[in-house]
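These notes concern the structure reproduced below.
The values are calculated or read from the model by the stated rules, or taken from the named source; none is laboratory data. Computed from a predicted structure; not experimentally measured. Reconstructed Cβ throughout: ideal geometry from the backbone, glycine too, with neighbour counts over all protein chains shown. Heads up: the accessible areas ignore ligands, DNA and RNA and are worked out on the full protein's heavy atoms, side chains in. Shrake-Rupley method; radii C 1.70, N 1.55, O 1.52, S 1.80 Å.
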2 protein chains.
Amino acid sequence: MKKLIDHFTLTLGSQNVLTGEDIGTRYTKDSSVNKPQTPIAVLRPSSTEQISEILSYCNQHKQKVVVQGGMTGVVGGSTPQAGEIAISLERLSAVEEIDKASMTMTVQAGTPLQKVQEAAKEDDVNFPLDLGSRGSCTIGGNIATNAGGNQVIRYGMTRALVLGLEVVLADGTVLSSMNKMLKNNAGMDLKQLFIGSEGILGIITRAVLRVFPQPLSKCSAMCAVDNFDAVIEFLHRASSELGGSVNSFEVMWDNYYHTVLREIDQLTSPFEENFPFYVLLETTGSNQQLDDQKFEQFLGAALEDKLIQDAAIAQSQQQAESFWNIRDGVGLLLNRLPPLANFDVSVPISKMKAFIDSVNNQLKHEFENIDIMIFGHLGDSNLHIIARTGKEEDVKTIRNIVYQITGEFHGSISAEHGIGTEKKNYLSSSRTTEEIEIMKKLKQTLDPENILNSGRVI
Amino acid sequence: MKKLIDHFTLTLGSQNVLTGEDIGTRYTKDSSVNKPQTPIAVLRPSSTEQISEILSYCNQHKQKVVVQGGMTGVVGGSTPQAGEIAISLERLSAVEEIDKASMTMTVQAGTPLQKVQEAAKEDDVNFPLDLGSRGSCTIGGNIATNAGGNQVIRYGMTRALVLGLEVVLADGTVLSSMNKMLKNNAGMDLKQLFIGSEGILGIITRAVLRVFPQPLSKCSAMCAVDNFDAVIEFLHRASSELGGSVNSFEVMWDNYYHTVLREIDQLTSPFEENFPFYVLLETTGSNQQLDDQKFEQFLGAALEDKLIQDAAIAQSQQQAESFWNIRDGVGLLLNRLPPLANFDVSVPISKMKAFIDSVNNQLKHEFENIDIMIFGHLGDSNLHIIARTGKEEDVKTIRNIVYQITGEFHGSISAEHGIGTEKKNYLSSSRTTEEIEIMKKLKQTLDPENILNSGRVI
């Protein structure tokens, strides 16, 4: 141990090797509910070369490492396990280039998402990945977990936004695929292996991201709907009649909507009546006048056809934000309501109604008093479900029930949050034995000593 | 050999095992320029189970196989090599399901692309992958080669359109990942390994595809531009001001445009004058009236700002097709003009001008009389270059020059056509030693006996 620490102190400088009391709480736990664990050391490299050197050394000495970005993951992937060294990417933080002609930007992995977004905006382009933890999460973590967020229906998951990647493999090899083109079919697209595999195959150090023109117009509305079939039809009509301009189609069930309004004082509904479903619809485009006209026509026709019961079009950016605050109120809710079980599942949209019926029925059959709150990125098949009886001992049973139903409906136990350590035992609900076997083979091929984020995912 | 044939005759039926004279020319060569080669047998399985059984047997007997779809590939990937058995997927052809609520369709790999497009259209949805060989190429081949085509700028490459995949591995293992959701982060996204790896890691048997609403409006124009910087600015303006509605931004250099008009009698330019560049711009949307208005306003402003010199807006579907015929005339041109060198490269848009200058200068320096024709999907960084001196013996030198320059500009030697056997020797122009090493390791992991499309890509 001492030899290891001495080695890194020599190569990184003592201020970049933290041990004992110097290891702050930021390095001991991510945003999951699991217990903090102090790593045997925290290394803070500032370059790809240093990371390569660290991994090469750790691989030779079979020293396990955990990779840390913004520590906002919710499945325990970055929380150290006993005997691990933490490698924090916090010093690998820079926007290296914005190439407007090619519509790309080149960033270092430890750069916070919000810094990436702001750098893009300063250069009058748009990096459309956006999620609640934007201020803390890092782009490397976003890529390693293939983060989703609020604009997937328009721009895809993080995977769709990554053109090039630089990764350091377990043995220290630097795999550089810093491609800047939309099209590149020269051999296997290796970067795909590392996107979404939660750091178990390599450490992402740099990336080329795709950027888009800044939207020149935005339309937002909160809509009230009285049954689930109408929600689905409303989604399809919006996709068709608003062209490619739909950025967000966020659905909130009444059980979520009214709980969040009750729990958080500052929030108010734009409607006086209550409805079974609420849809937050947002489009962006290029011509505010023509787009407003189209948006109003679309909502007018949906009202006339009784597809929606009411609609409040945001008259200002402030009002649009007040709609989003209801949707994003979940953050506060999760802090106030534990113990609870919190799900991030996806199921085919055609099976979603039956899935939710099944979840409701089985949970209510098992527990006399249970609150169930549902909301989600419906256009992406993604539902977030919060279920609580108020008792910690019920959480595991609730999880077992919901994940089993998810498997039966060929859904995913993790739409966007990943597997980490928290969902590892449920992976077989969503993946076959053969799939898990191949994941293990790939891990064995790329990290034969099993030093990288060991024990996560598989 | 006889034992092998007897075995397959027993399991597949004699009509599905072709040997000797019964092997038609369709099985001896793809659409590349390489030489025909008769395989030792052609197997025509009709199910995933049969393919699994075939591979399991071949793997045990170290019998190499070549996978065949529509035989429209241009890099030699499906042309048999000596001693190989061909597995044709032609009988694995069906659209199994269209799930409109989930916006997915489930297809078998041997289904021709056009049949997939038509089935989607019949159900009033849109499968947006489209390329010239649509009538013959199969969706399995499109996925295995990550096909591009004419609408990548809007909908992405084939990779972006695949939600789920079923693959048979070299040892016969069926790897089923028939996911129907936009979001699924439950473990590694294994399908990404097989998309674009040209059948060297497994045989794709079924897929879940993403479909979109049918466009309700379309606007097309041929535009004349007088310098390359203006072409780039026109691209960025279109992306910004026409929102997410740009489907195609095809650029033709005058050397291509005028050659194709001269060579093919039926084609006419909408302009009386000649210009250095021509852009075929196409948008689709949801409201013909409002979209026409936006499109005309956009082109009017571009004319006024002298960004473009002239524009012809298609007044009918027929006129739009006449514009596309100029772009697609390359098919006829390639048949009429050999010997020639034909390139499918991509380079970062910011370097494209310097790249083309370098290609022109070096080729003209090397050859006194050389015709160079350029066109491409500029928004995707993808250029097609045709260069000819009229002499077969110059082709190799031309290739060496262009691929070397492509490497120097960090471009790709294959934007959309793949590597196959034809470009294998040039792979290192676009990929590093470490990347090629990892490709080989992955091949070794998934196909240790090297029976699948051996000798292709790497």
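The test for being crowded, with 16+ Cβ neighbours inside 10 Å, more than 7 Å from chain B (Cβ to nearest Cβ), out of contact with any strand residue (DSSP E or B) (no Cβ under 6 Å at 6 or more places or on another chain) and not in a helix (DSSP H, G or I) does not hold for A:SER429. Residues of region A:175-225 that are outside any strand (DSSP E or B) and under 30 Å from A:GLN309 (Cα atoms): A:PRO215, A:LEU216.
B:LEU383 falls short on exactly one of the conditions (1) buried (at least 19 other Cβ atoms within 10 Å of the Cβ); (2) away from every other protein chain (no Cβ under 13 Å), and that condition is (2). Residues of region A:311-325 that are surrounded by 17 or more Cβ atoms within 10 Å (Cβ to Cβ) and out of contact with any helix residue (DSSP H, G or I) (no Cβ under 6 Å at 6 or more places or on another chain): A:ALA312, A:ILE313, A:ALA320, A:SER322, A:PHE323, A:TRP324. Restricting attention to region B:151-171 and to residues that are crowded, with 22+ Cβ neighbours inside 10 Å and part of a loop (DSSP other than H, G, I, E, B), the residue that is farthest from the other protein chains (Cβ to nearest Cβ) turns out to be B:ALA170.
Here is a yes/no grid of residues against (1) within 30 Å of A:LEU182 (Cα to Cα); (2) open to solvent by 30 Å² or more (accessible area, probe 1.4 Å); (3) part of a helix (DSSP H, G or I):
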| site | (1), (2), (3) |
| --- | --- |
| A:SER31 | no, yes, no |
| A:SER52 | yes, no, yes |
| A:GLN63 | no, no, no |
| A:VAL66 | no, no, no |
| A:GLY76 | no, no, no |
| A:PRO80 | no, no, no |
| A:GLU90 | yes, yes, no |
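On the basis of being within 24 Å of B:ILE232 (Cα to Cα) and in contact with a strand residue (DSSP E or B) (Cβ under 6 Å, 6 or more places away or on another chain), does B:SER350 make the cut? Spelling it out, B:SER350 is indeed within 24 Å of B:ILE232 (Cα to Cα) and in contact with a strand residue (DSSP E or B) (Cβ under 6 Å, 6 or more places away or on another chain).
If you check A:THR445, A:THR421 for being within 14 Å of chain B (Cβ to nearest Cβ), over 29 Å from A:GLN151 (Cβ atoms) and either part of a loop (DSSP other than H, G, I, E, B) or touching a helix residue (DSSP H, G or I) at 6+ places or on another chain (Cβ under 8 Å) (or both), only one passes: A:THR445. Residues that are within 25 Å of the chain's Cα centre (by Cα) number at least 2 in the following helices (runs of 4 or more DSSP H) confined to region A:227-346: A:228-241, A:254-263, A:317-328, A:330-336. For region B:239-259, a residue qualifies if it is touching a Leu at 6+ places or on another chain (Cβ under 6 Å) and of a type outside the set (D, E, K, R), and the qualifying residues are B:PHE249, B:VAL251. Taking the criterion of being of a type outside the set (Val, Ile, Thr), in contact with a Lys or Arg (Cβ under 8 Å, 6 or more places away or on another chain) and modelled with pLDDT of 95 or more, the residues of region A:364-380 that qualify are A:ASP371, A:PHE375. As a summary of the residue check, B:ALA301 satisfies the conditions (1) crowded, with 16+ Cβ neighbours inside 10 Å; (2) more than 27 Å from B:ILE356 (Cα to Cα) except for the one numbered (1). Taking the criterion of being in contact (Cβ under 8 Å) with a residue 40 or more places away in the chain and of a type in the set (A, V, I, L, M), the residues of region A:85-112 that qualify are A:ILE85, A:ALA86, A:ILE87, A:LEU89, A:LEU92, A:ILE98, A:MET103, A:MET105, A:VAL107, A:ALA109. For region A:336-345, the count of residues that are farther than 30 Å from B:ARG237 by Cα, acidic (Asp, Glu) and within 14 Å of chain B (Cβ to nearest Cβ) is nonzero. When B:PHE298 is tested against (1) in contact with a Ser or Thr (Cβ under 6 Å, 6 or more places away or on another chain); (2) within 14 Å of chain A (Cβ to nearest Cβ), exactly one condition is not met: (1). So which residues in region A:215-230 are of a type in the set (S, T, N, Q) and at the interface with chain B (Cβ under 9 Å from one of its Cβ atoms), if there are any at all? Result: A:SER217, single match. Looking only at residues of region A:404-426 that are charged (D, E, K, R) and over 16 Å from the mean Cα position of the chain (by Cα), we find that the one that is least open to solvent (accessible area, probe 1.4 Å) is A:LYS424. Counting the residues of region A:186-214 that are open to solvent by 10 Å² or more (accessible area, probe 1.4 Å) and within 8 Å of chain B (Cβ to nearest Cβ) gives 6.
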